[in-house]
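Notes for the one structure printed next.
The values are calculated or read from the model by the stated rules, or taken from the named source; none is laboratory data. Fair warning: this is a prediction, and the values are worked out from it, not measured in the lab. Reconstructed Cβ throughout: ideal geometry from the backbone, glycine too, with neighbour counts over all protein chains shown. Only protein heavy atoms, including side chains, enter the accessible area calculation; ligands, DNA and RNA are left aside. Shrake-Rupley method; radii C 1.70, N 1.55, O 1.52, S 1.80 Å.
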Amino acid sequence: MSELPTGTVTFFFSDIEGSTRLIQQLGDRYPDVLLAHHTIQRQALAANGGHELRTEGDSFFIVFDSALKACAGAAAVQQSLQQHSWPDGGQVRVRIGLHTGEATLVGDEYLGLDVHRAARVASAGHGGQVLLSETTRALVDHVLPPGLTLKDLGMHRLKDLARAERLFQLTIEGLPSDFPPLKTVEATPNNLPTQLTSFIGRDDQVRDAKQLLSRARLLTLTGPGGTGKTRLSLQIAADVMDQFPDGVYFVPLSAVHDPELVPSAIAQALSVQSTGNRRPIEVLIDYLHDKRMLLVLDNFEQLLAAAPVTTTLLEGSLGLRVLVSSRAILHVYGEQEFPVPPLALPDLKALLSLSALSQFEAVRLFIERAVAAKPDFEATNENAPAIAGICERVDGLPLAIELAAARIKLFNPHALLGRLEKSLSAALGTGARDLPGRQQTLRGAIQWSYELLDGGERRLLARFSVFARGGSLEQLESVCGPAADLGGREVVDVLDQLADQSLLRRVPDFDEPRFLMLQTIREFAAERLAEGDEADRIRDRHLEAFVSLAQHAQSQLFGPQRKEWLDRLEVDHDNFRGALEWAIASGNTRQALRLGGWFWRYWQMRGHLHEGRARMQQVLAMPGGEAFPNERLLALEAAGGLAYWQADMDAAQGFYDSSLELTRRVGDTRAIANAIYNDAFPMLVRRVELERARALLREALPLFQELKDEAGVGRTYWGLGNADYFQQHFEAARQQLQTAEAIFRRLDARFDLAWSLHTLGLVMSKMGRVDAARPYFAEALTMFAQANDVSGIVLQLDNLAAVARAEGDPMKATRLFAAAATYQLTSGTGLGHLLREQEGRLHPREGLDDQQADTAWSEGQAMSLEQAVAYALEGSGAEAPTTGG
């Protein structure tokens with residue numbers, strides 16, 4: 001091999017599209033075809049300055065010292081393949097990917113992210129297609145020879161699960177230039193998380209696991225913590241996405257400790273919520289029935305009692321596959337176990353060169369992560385044995401390797417190996433004998449990292465463990481400080497130090513600094529916290545922090561900052577869960593009542609009604625609640641509200657009645673007015689005892705007026721307008737509602753204004769004024785969409801479907817009705833269905849024949865929520881907002 005280029009180079013990856021099919025078609029002639037393919041590639045690439053690094057089966061890995069030469073070589077390959085006479089008049093179609101960057105040359109091996117990007121660029125293409133990354137395009141644009149041009153294919157997220165990048169197609173004169181959409185992540189519905197580091201090696205495991213998944217509908221990746229099960233499962237999922245047209249969905253379970261909540265966690269990942277009193281498992285079975293979908297259930301080991309859930313879902317959907325990562329098998333029928341091995345290690349007895357050692361996955365991972373931690377780090381023939389020894393000492397476990405590589409900033413490989421051997425020997429000698437050996441080794445690596453910390457860093461690491469899925473800097477400062485406890489250093493400085501040592505991770509894409517701890521390290525840190533005498537105190541601080549956040553957020557969920565605050569609560573949903581679980585477990589009834597009472601609106605607005613209802617049932621069952629009447633009032637109102645939105649009006653009435661009775665005994669005027677107002681609404685919605693409901697509202701009105709509570713006055717007028725509407729006094733209803741509307745516009749109370757507009761639209765429709773109803777519904781929809789308030793959105797889609805039908809557009813009406821019905825289910829509220837029944841909107845196909853109705857219904861069901869909102873607002877003059885949250 002000629003001397004390999006260094007510096008900025010262009011990587012070339014290629015393989016044959018449909019090679020398995022060719023093998024089946026050609027039989028014993030395939031080796032000759034493969035040889036011809038190899039000869040053509042080698043001649044074309046060598047003629048243009050390509051250096052062949054590796055050939056595996058039908059794939060080539062080539063490097064060029066020039067991006068222009070790489071493009072010329074790729075064009076020559078495709079032209080030669082097109083001109084060759086293949087057996088039976090067939091065609092060998094090769095896909096090619098080019099990416100330019102700087103990668104570390106270790107012996108005869110290039111390491112670094114740029115190598116992996118080039119491979120993933122190639123995997124996105126089709127046979128006969130040449131794809132270029134943005135960096136390669138920038139070097140060759142405007143200097144390509146005649147016959148070669150570039151076509152911008154837009155932004156795409158590749159199957160290495162990194163961030164999206166722009167891709168280009170090299171169009172070759174005389175060859176086909178039109179190809180199907182790229183095979184990228186966005187081609188299939190999914191929620192696979194973005195990865196900040198490359199996926200190293202494991203090609204064999206990915207291939208084997210994919211083959212098993214094609215035969216077994218439940219595949220469980222097993223192994224100790226830190227083996228890389230999660231990352232492997234994500235890569236498998238990315239590679240098989242094109243087999244699951246209905247989506248690939250990742251379900252993180254590390255923060256879920258109650259097996260009963262597993263169906264809720266799956267439903268949340270799928271944006272499917274329970275309707276009314278239906279259990280999440282029942283809704284999931286219905287939703288998945290006809291789907292071809294892959295579920296990736298991560299960190300299942302603490303939830304083994306929920307293993308039958310997987311069997312239930314698989315029995316209900318023949319097109320479903322489930323990929324599980326767990327430290328233990330599930331022991332259910334039909335399960336296929338796949339033990340995840342550590343990364344490949346060299347034999348230390350063999351005196352291998354750096355070039356030979358760098359072929360092993362564990363060594364490559366260490367070198368790449370070490371360079372990331374210390375850019376001037378170099379692997380040499382002198383330190384290569386120490387690097388191999390480090391990898392061997394931690395059994396090739398990816399997390400342990402990454403922790404060790406981070407220490408390159410402090411120690412050279414020889415010193416690092418010496419410290420690692422000493423520390424791990426002690427850990428293995430005293431570790432828990434009932435743990436798997438590799439887990440003991442990993443715990444030793446974490447223990448070793450822990451021992452390098454000073455007292456303040458250790459204290460903060462232990463305290464951090466109370467946070468589920470990370471925390472913001474503000475939260476961490478309030479829970480993990482003060483500076484006096486951390487050796488006089490500020491919390492942020494210690495957090496940065498821990499992040500530099502790979503014990504924490506800085507999380508991008510948030511407006512405020514946020515940190516995350518890996519689950520394996522969190523478990524270790526939690527043990528350190530439990531060993532001390534401050535565990536309860538720190539958990540109490542964590543609980544107090546999230547009670548305070550819930551209290552502060554509650555008042556923000558009705559005004560112009562609704563979406564921002566709902567999004568903030570969404571990020572910390574697992575922390576709220578953990579805080580409430582601690583309040584219940586520790587018997588802190590007062591804080592449990594407060595947290596549930598202030599957090600319930602999030603559960604309602606973002607579609608977690610089933611979970612919220614169950615948690616409030618636990619809270620209200622705690623002993624001693626009567627000693628905290630004000631806090632109990634909050635919880636009763638929350639339970640009533642959740643039952644109301646589930647359309648369980650009997651339960652809602654019971655909670656509101658209890659709340660009113662208690663408020664009249666212990667509450668102040670404001671609390672009494674609010675409780676009276678709440679108590680009226682189940683009666684209104686059920687359209688029973690309307691006069692009693694009206695009397696309650698009339699009792700509340702002067703109380704709000706006395707308090708100069710304009711929002712309360714406005715809500716009461718809205719309630720009276722509802723009473724008039726339900727009694728078909730439409731003109732009176734219009735007047736009451738317009739009074740409420742004016743108040744809410746003056747206050748910029750978006751939530752209340754949107755609901756007033758909703759009811760005004762209903763009144764106008766009943767009065768035969770569809771033209772006047774449309775702008776009310778459109779403005780309400782815009783406001784709900786701006787906050788991503790799904791429960792409000794679906795009701796307005798339903799309303800605008802009725803408008804479209806009244807205006808003589810049954811196709812649009814049916815599409816919108818279908819979209820509303822779909823997202824009514826995923827919103828988790830039964831209130832919309834109840835109101836739909838009351839409005840008589842149960843025949844969505846009127847005015848269409850069966851074929852037209854089926855088409856329109858399917859089109860509506862296929863709309864994203866954002867698409868449905870935009871479609872509903874067409875012709876209204878209102879601008880469609882972004883609904884994504």
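General remarks:
- Fully extended contour minus Cα-Cα distance, from His331 to Asp493, at 0.36 nm per residue: 53.7 nm
- Rounded FRET efficiency, nearest 0.05, which uses the C-beta distance separating Val143 from Gln91 and R0 of 35 Å: 0.70
- Karplus-derived 3J(HN,Hα), 6.51/-1.76/1.60, for each residue of the range 575-582, Hz, glycine and proline x: 5, 5, 4, x, 5, 5, 4, 5
- Highest mean packing first, where packing is the average number of other Cβ atoms within 10 Å per residue, the peptides 150-157, 299-306, 139-146 line up as 299-306, 150-157, 139-146.
- Only Lys, Arg (+1) and Asp, Glu (-1) charged, at Cβ; the chain dipole about Cα centre in debye: 580
- Coarse-grained scattering of the range 159-213 at q = 0.21, 0.25, 0.30, 0.31 Å⁻¹, given as base-10 log I(q)/I(0) from a Debye sum over alpha-carbon atoms: -1.02, -1.12, -1.23, -1.25
- Once both labels are positioned 7 Å from their Cα atoms along Cα-to-Cβ, the gap between Ser586 and Glu3 label points is 6.7 nm.
- 3J(HN,Hα) from dihedral phi, the range 103-111, Karplus parametrisation 6.51/-1.76/1.60, rounded to Hz, x for glycine, proline: 10, 6, 9, 10, x, 9, 10, 8, 10
- In plain terms, the chain from Asp748 to Lys409 could stretch by 116.6 nm, reckoned as 0.36 nm per residue minus the Cα-Cα distance.
- Bridge type composition, the chain - antiparallel percent by DSSP, nearest 5: 60
- Extending 7 Å from Cα along the Cβ direction at Arg670 and again at Ala711 yields two label points whose distance is 1.0 nm.
- Anisotropy class of the chain from Cα gyration tensor, a/c 1.5 cut: oblate
- Computed on the chain, with alpha-carbon pairs under 8 angstrom and 6+ residues apart, the relative contact order is 7 percent.
- Taking the range 1-39 and a reference point 7 angstrom along Cα→Cβ of Asp203, the backbone N atoms nearer than 17 Å belong to 11-20, 38.
- Peptides 618-631, 215-228, 793-806, 536-549 ranked from most to least packed, by the mean per-residue count of other Cβ atoms within 10 Å: 793-806, 215-228, 536-549, 618-631.
- Dipole of the range 139-194, positive direction: furthest Cα of Leu161, Asn191, Pro180, with charges on the beta-carbon: Asn191
- Ser478 contributes an accessible area of around 70 Å² to the protein surface, as traced by a 1.4 Å probe with all chains present.
- Residue separation of Leu473 and Asp286 scaled by 0.36 nm, minus their Cα-Cα distance, works out to 63.2 nm of gained length.
- For the range 650-771, the relative contact order works out to 18 percent when only alpha carbon pairs closer than 8 Å and six or more residues apart are counted.
- FRET efficiency, 1/(1 + (r/R0)^6) with R0 60 Å, evaluated for Asn381 and Gln838 via beta carbons: 0.15
- Per-residue ellipticity at 222 nm computed for the chain from its helices equals -18000 deg cm²/dmol, with DSSP H segments shorter than 4 residues left out and the rest contributing -39,500 (n - 2.57).
- Amide H within-cut-off set for Glu337, under 5 Å, with H built and near neighbours excluded: Thr220
- Once the C-beta distance of Val688 and Met767 is scaled by a Förster radius of 25 Å, the resulting FRET efficiency is 0.55 to the nearest 0.05.
- Residues whose amide H comes within less than 5 Å of that of Gly471, counting only those at least five positions distant or on another chain, are Phe515 (H built at 1.01 Å from N in the peptide plane).
- q = 0.13, 0.16, 0.22 Å⁻¹, the range 500-639: log10 I(q)/I(0) [Debye, one scatterer per Cα]: -0.63, -0.92, -1.36
- Note, ³J(HN,Hα) from phi for the range 768-785, Karplus 6.51, -1.76, 1.60, rounded to Hz, x at Gly and Pro: x, 9, 4, 4, 7, 6, 3, x, 5, 4, 5, 5, 4, 4, 4, 5, 5, 5
- Its Cα gyration tensor gives the range 648-735 an equivalent ellipsoid, and the semi-axes of that ellipsoid, as √(5λ) in whole Å with the largest first, are 21, 17, 8.
- Directionally averaged shadow of the range 712-847, computed from the convex hull of its alpha-carbon atoms, nm²: 7.6
- Sorted peptide list for 736-748, 708-720, criterion being average Cβ within 10 angstrom, highest first: 708-720, 736-748
- If you look at the Cα atoms of the range 255-394, you get an Rg and a Dmax of 22.2, 68 Å.
- Under-5 Å amide H pairs with Thr171, H placed in peptide plane, nonlocal only: Thr149, Leu150, Lys151
- Cα-projected label distance for Thr194 with Asp650, points at 7 Å along beta-carbon direction, nm: 5.0
- Within the accessible area of the range 61-177, the carbon and sulfur atoms contribute 51%, probe 1.4 Å, all protein chains present.
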